[in-house]
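Presented below is the structure to which this report refers.
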Amino acid sequence: MIVQLWAKFRNSLASWGIWLVFGLILVLPLVGLSEHYISLLTLSAVLALAVLGIDLLMGYTGLLSLGQAGFMAIGAYTSAILTVRYGVGAIPALIAAQAITLVTAVFIGKAVLRLKGYHLAIATLAFSVIMEQLLVNLRNLTGGPSGLAGVPSLSVGQISVTGGQSLFYLCMFAVMVAIFLLKNLTNCRVGRAWQAIAGDELAAATLSINTDNFKLLAFVISACLAAFSGSLYAHYMHFIAPEMVGMQASLNLVVMTALGGAGTLWGPLLGVVLLTFLPDFIAYLQNFQLIINGLVLLISIVFFPGGLAGLLTYLYNMIVERLFGRKEYLNGGGTKNEASSPVN
Amino acid sequence: MKQALLSINDVSKKFGGLQAVDEVSLQVQKGQIKALVGPNGAGKTTLFNLITGAHLSDQGTIAFSGKDITGSPPHKVNEYGMARTFQILRLFNKLTALENVKVGCHRWTKVGLVHGCLRTSVVRREEKIITEKSMECLERVGLADSAHKLAGNLPLGKRKLLEVARALASDPELLLLDEPAAGLNDKETDELLHRIWAIRDSGVTVLIIEHNMNLVMRLSDEVAVLNYGRKIADGKPAEIQNNPEVISAYLGTGVS
Amino acid sequence: MLAVEGLTAAYGSITVLRDASLFIEPGQIVTLIGANGAGKTTLMRSIAGLHKPTAGRVRFNGEDITGLRAHKVIRKGLCLIPEGRQLFSNLSVMDNLLLGSLGNTKKQKKTAVEARVEELMTVFPRLKERAHQLAGTLSGGEQQMLAIARGLMANPRYVMLDEPSLGLAPIIVEEVFSLIQKLNKTGVSIFLVEQNAFAALRISHRGYVLENGRVVREGIAADLLNDEEIRYHYLGGKAV
Amino acid sequence: MDIFWQIIISGITSGSIYALVGLGLGLIYNVSKVINLAQGEFLTFGALLLVSMISFKLPLIIAIPIVLVIAALLGLAFERLAIRPAWQSSTTVLLITTLAVSIILKGIAMLIWGKDPLSLPSFSGEVPLKLGEVVIATQTFWVIGVLLIVAGLSWFFFNRTLAGKAILAVAENRDASALVGINNRLAVQVSFALSALVGALAGAVVTPITFVSYDGGTMIGLKGFIALTLGGMESIWGGIVGGLILGLIEALGAGYISAQFKDLLAFILLIMLLYLRPAGILGGALKKG
């Protein structure tokens, strides 16, 4: 009886837990969290959108893309250029950014998705570098290496989201909507098709899944999320420069995703928050920051291929086992890492 | 003579210097169980790959239900109504058994991006049907109680059956099984025999590659034998058993 | 003597070999037959050190070599010629042979290696003609010969062959089998896995039947050869 | 015409560096199927270590061997501490593992040498050589010379020694190489050590030409990756061929089109090539050896 109740509770916890955490974060400003931390949380939320896009590619569809910041750049710069240089409103600019991203992503996706593994990684990384170079060199449009300053605050009609709490709530809302939509999507036919492609592309194809189309779909959605993140980023910083959305940023986004644990929607969010807050918490160790970042990543990826999400799931299962004296796994029958294919 | 469900005409495939399939013609009639046998390396799996579009043939045509499907990509072949299993298993190991079978339902389900994102009632209805259908397919192969285990963690016998269930979920007219009994013990093999019969009785035509001749002889209506990429015999099981060419292909020519 | 005691091997959570025991006495040819997926290849890979068994022992000339890695097993004088040849197809025939000499018990002098190459070239005259061709350009039969020759470069006392007749034309298969017999006459013990069961049993002293990872039959080759049961398993029914 | 030759020489110079980085990457990739995103850091370490050695007033002839030994040890430690624990993992995990190592190495470099770019005097004087109107810095000969020597030694190693052939054997088929008695683990270690050594050597000779700072390796590492992809990942020589081609194209683009867009050109070229001929220039035509 208790076990059954527990099982029920656990299942609902698994599906509602993430909203519970969001709820807790949402009340933080009300109980007096400092501006500084609110700002960091807002930044995490902005980056989380791009990271969710990578997770969709890397965790669900099994495609390693190192070019995500290239799409962030399209979003950020379209928003910045239209609002700063042409006085377009933030929302129309954001929509224009999405449209441009959509078209670009379809073209780039069609070109690079024929590639696999390392080739796909280098091709997408090349896209990111090309974007960065274009931003540096098209000075008249982008302001060159010194970037574009004076990006206005986000405004909807007459209501301006000037920053602080309002921007925080807006970005949190955006992330929650993204999570909601992605959660639904990954739990239906479309998401299963992606996971099937990640598992075994040929097998997926022999089950009627048009793998080219589904890979392109994931790529485009991922790009649009990144561009959205980029637009918000420009408005959040009021400033945008090439290296903020360059190759290094692409790599950082992948690091956040992998560190958090690709293939779960909540894991990568942990990665974002950790890598956004870590530099702040260990500011006095500034000189060691790169080393610490690298070590954290190395240890988590080597020893917990599931990232932080994998580690937490493991600990959770262990505690459940201790408390209730029985094996109980969220997915039944062992951890995911044990799965391996037989050869004979 | 009635039209064959699957009709292969003079199909050939060469890999480098190796003629893997050499001008093979083969018919599968609707409603029968046909077996494809032959020693290792005889080209049976290659033939499967040619039929299902995993490889392109060098020459020859393949027709399914009277329609020329030569050169169709794998996802089209499944849409036309053929589903297959693999000799070296290709399950989605990180998904549960049930989820694996649900992927198999892709062929006849429709939900797209918008509905999927919003989880509308259309999605919920379809998911309900998918889940029911998938559970039914798992039951048909006797895997209902493993539904929530990860595919990668199931023992070999169950994994083989899971691939069959996944293929069945796409509601195929023709099911291609690549060595389903390899690695099974006698009891499991016997069980498999009955399950394949049941699948045939439900209206699905079966083309099966199998090494276990004992199983093949009991199971199939017709047997075709490949050796060195060529078809050397095709007919009723009893005829095949007494065909001298087949015996020598199997037992080997005497070397003393 | 090569003895396998209660060997169990698995891939991930899937056990493919269960408590298998068998032995090969010096100077014998022993054949292991069984259906695809019965675990024959896994058994050989486990003995040769390519796969770590989960339980059981492998003893070679009295020494426990269980779990020893492959490059050390070959140095004990126990050689596996793997399924599908596994040649270095981008290297020349000669280079393949020279690399084979790395498996010798002791480091060989250059002259000794060259002498061994010469010796094998006389056994396999076609390899001599093609010594400087890339191994990948050889025909199937020549590749099998090269695979065997490469294995023999290490002067092994025991040779395991996994499906040496796979994909070869019948006339070449006969050649391979007579070669195995010749090799055996020079004192090399042979452990053979073959699809071509009857041809293999005909040249063997003893045989084993593997089913679902278990050894289900063993005996004198001639007895197995005349066994209705075996025919039954390989051709189905008793009609033959 | 003089401009043309000037461009060709500068292309070959930077191409030589890309070639050395690409060779190291290709060696590791072929033996262990890992793309090492920390390859550029080997170069940084080679350069910065040499700067320190020279500041201790060590002569080049002693300083460079010391740098190379340290680099080789670094490669070994890398393999042992990061790659081997992750050995069974997926491509993605291995790639991110090397990314993590590159971050750590950058952190260490920053800690030791600070953030400022450092440089060295040319090995054989600052007076450039003049051939007609073409001006050639003496360090250029060092760079090209090192590439020639490394390429020559590699050719000898892989074509004339059994150890080299054993490494090619491991690259082609790990089961078979173990069965003939090759210690695969040792081969992987050797490939990391050699690769780090070649990278550090490239760093050492390039320092007098450019400034090197703690994070300068990333871009060069990437260029090496492009070089390898251009030339063909499956060939030991792919990196060298691709590196020289990349250097020449960059120089020609910078000279005749626009200096601003030289990096752009390289990456666009890469995407086009991947689209048209994913196996690279050498792919299929000329394989390992």
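Values as computed for the structure displayed
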{"quantity": "Residue pairs meeting the criteria (Cβ under 7 Å; at least 6 apart or on separate chains; first more than 7 Å from chain A (Cβ to nearest Cβ) and part of a helix (DSSP H, G or I), in the range B:104-122; second modelled with pLDDT of 90 or more and open to solvent by 70 Å² or more (accessible area, probe 1.4 Å))", "calculated": "B:W108/B:D171; B:V122/B:H115"}
{"quantity": "Pairs where the first residue, in the range C:133-149, is acidic (D, E) and the second is outside any helix (DSSP H, G or I), C-beta under 9 Å, 6+ apart", "calculated": "C:E142/C:F124; C:E142/C:R130"}
{"quantity": "Any hit, the range B:218-231, residues being part of a helix (DSSP H, G or I), modelled with pLDDT under 95 and surrounded by fewer than 23 Cβ atoms within 10 Å (Cβ to Cβ)", "calculated": "yes"}
{"quantity": "Conditions (1) open to solvent by 30 Å² or more (accessible area, probe 1.4 Å); (2) in contact with an Asp or Glu (Cβ under 6 Å, 6 or more places away or on another chain); (3) under 30 Å from B:L150 (Cβ atoms); number of the one not met by B:F48", "calculated": "(1)"}
{"quantity": "In the range D:133-159, the residues that are open to solvent by 40 Å² or more (accessible area, probe 1.4 Å) and within 14 Å of another protein chain (Cβ to nearest Cβ)", "calculated": "D:F157"}
{"quantity": "Flag if B:E126 is out of contact with any Phe, Trp or Tyr (no Cβ under 6 Å at 6 or more places or on another chain), acidic (D, E) and facing chain A (nearest Cβ under 9 Å)", "calculated": "yes"}
{"quantity": "Conditions (1) over 30 Å from D:R84 (Cβ atoms); (2) under 20 Å from the mean Cα position of the chain (by Cα); number of the one not met by D:G46", "calculated": "(1)"}
{"quantity": "Qualifying positions in the range D:77-92 - modelled with pLDDT of 85 or more and at the interface with chain A (Cβ under 7 Å from one of its Cβ atoms)", "calculated": "D:A82, D:P85, D:A86"}
{"quantity": "In the range D:173-184, the residues that are surrounded by fewer than 23 Cβ atoms within 10 Å (Cβ to Cβ) and in contact (Cβ under 8 Å) with a residue 12 or more places away in the chain", "calculated": "D:N184"}
{"quantity": "Counted residues, the range A:152-200 - those being open to solvent by 40 Å² or more (accessible area, probe 1.4 Å) and outside any loop (DSSP other than H, G, I, E, B)", "calculated": "16"}
{"quantity": "Count of residues meeting criterion [open to solvent by less than 10 Å² (accessible area, probe 1.4 Å) and in a loop (DSSP other than H, G, I, E, B)] in the range C:22-40", "calculated": "2"}
{"quantity": "Yes/no for D:L60 being of a type outside the set (V, I, T) and open to solvent by 10 Å² or more (accessible area, probe 1.4 Å)", "calculated": "yes"}
{"quantity": "Filtered residues of the range C:44-67 (kept if part of a loop (DSSP other than H, G, I, E, B) and within 11 Å of chain D (Cβ to nearest Cβ))", "calculated": "C:G49, C:L50, C:H51"}
{"quantity": "Number of the condition not met by C:N61 [criteria: (1) within 20 Å of the chain's Cα centre (by Cα); (2) over 22 Å from D:D175 (Cβ atoms); (3) open to solvent by less than 60 Å² (accessible area, probe 1.4 Å)]", "calculated": "(3)"}
{"quantity": "Residue among D:K115, D:K130 that is within 14 Å of chain A (Cβ to nearest Cβ), surrounded by fewer than 16 Cβ atoms within 10 Å (Cβ to Cβ) and not in a helix (DSSP H, G or I)", "calculated": "D:K115"}
{"quantity": "Filtered residues of the range B:144-202 (kept if open to solvent by 20 Å² or more (accessible area, probe 1.4 Å), of a type in the set (A, V, I, L, M) and in contact with a helix residue (DSSP H, G or I) (Cβ under 9 Å, 6 or more places away or on another chain))", "calculated": "B:A144, B:L161, B:A198"}
{"quantity": "Of all residues in the range D:17-36 being assigned to a loop (DSSP other than H, G, I, E, B) and in contact with a Phe, Trp or Tyr (Cβ under 8 Å, 6 or more places away or on another chain), the one that is farthest from the other protein chains (Cβ to nearest Cβ)", "calculated": "D:N36"}
{"quantity": "Breaking point among (1) without any contact (Cβ under 8 Å) to a residue 12 or more places away in the chain; (2) under 30 Å from A:L253 (Cα atoms); (3) surrounded by fewer than 23 Cβ atoms within 10 Å (Cβ to Cβ), for D:I83", "calculated": "(1)"}
{"quantity": "Filter result for D:L120 (open to solvent by 10 Å² or more (accessible area, probe 1.4 Å), of a type outside the set (G, A, S) and either within 19 Å of the chain's Cα centre (by Cα) or within 23 Å of A:G260 (Cβ to Cβ) (or both))", "calculated": "no"}
{"quantity": "Matching strands (runs of 3 or more DSSP E) fully within the range C:135-240 where at least 3 residues are within 12 Å of chain B (Cβ to nearest Cβ), surrounded by 22 or more Cβ atoms within 10 Å (Cβ to Cβ) and of a type outside the set (F, W, Y)", "calculated": "none"}
{"quantity": "Criterion: among the hydrophobic types (A, V, I, L, M, F, W, C) and outside any helix (DSSP H, G or I) - qualifying residue of B:L89, B:L98, B:L47", "calculated": "B:L89"}
{"quantity": "Unmet requirement for A:G307, which otherwise passes all of (1) within 12 Å of chain D (Cβ to nearest Cβ); (2) surrounded by fewer than 24 Cβ atoms within 10 Å (Cβ to Cβ); (3) under 15 Å from the mean Cα position of the chain (by Cα)", "calculated": "(2)"}
{"quantity": "Filter result for the condition that a residue is more than 14 Å from chain D (Cβ to nearest Cβ) and either in a loop (DSSP other than H, G, I, E, B) or under 26 Å from C:Q181 (Cβ atoms) (or both), over C:V4, C:V16", "calculated": "C:V4"}
{"quantity": "From A:N210, A:N252, residue being open to solvent by 30 Å² or more (accessible area, probe 1.4 Å) and facing chain B (nearest Cβ under 8 Å)", "calculated": "A:N210"}
{"quantity": "Matching residues, the range A:111-151, being assigned to a loop (DSSP other than H, G, I, E, B), open to solvent by less than 30 Å² (accessible area, probe 1.4 Å) and out of contact with any His (no Cβ under 9 Å at 6 or more places or on another chain)", "calculated": "A:L113, A:L115, A:G143, A:G147"}
{"quantity": "Which numbered condition D:S191 fails, given (1) part of a helix (DSSP H, G or I); (2) more than 14 Å from chain C (Cβ to nearest Cβ); (3) open to solvent by 20 Å² or more (accessible area, probe 1.4 Å)", "calculated": "(3)"}
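Conditions (1) at pLDDT 90 or above; (2) of a type in the set (G, A, S); (3) under 20 Å from the mean Cα position of the chain (by Cα), marked per residue:
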| site | (1), (2), (3) |
| --- | --- |
| B:T109 | yes, no, no |
| B:R124 | yes, no, no |
| B:I130 | yes, no, no |
| B:L150 | yes, no, no |
| B:L162 | yes, no, yes |
| B:L184 | no, no, yes |
| B:A198 | yes, yes, yes |
| B:L215 | no, no, yes |
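The values are calculated or read from the model by the stated rules, or taken from the named source; none is laboratory data. None of these values were measured; they are calculated from a predicted model. In this analysis, Cβ positions are derived from the backbone assuming ideal geometry, glycine residues included, and neighbour counts consider all displayed protein chains. Note: accessible area is taken over every heavy atom of the protein model, side chains too, but ligands, DNA and RNA are not part of it. Shrake-Rupley method; radii C 1.70, N 1.55, O 1.52, S 1.80 Å.
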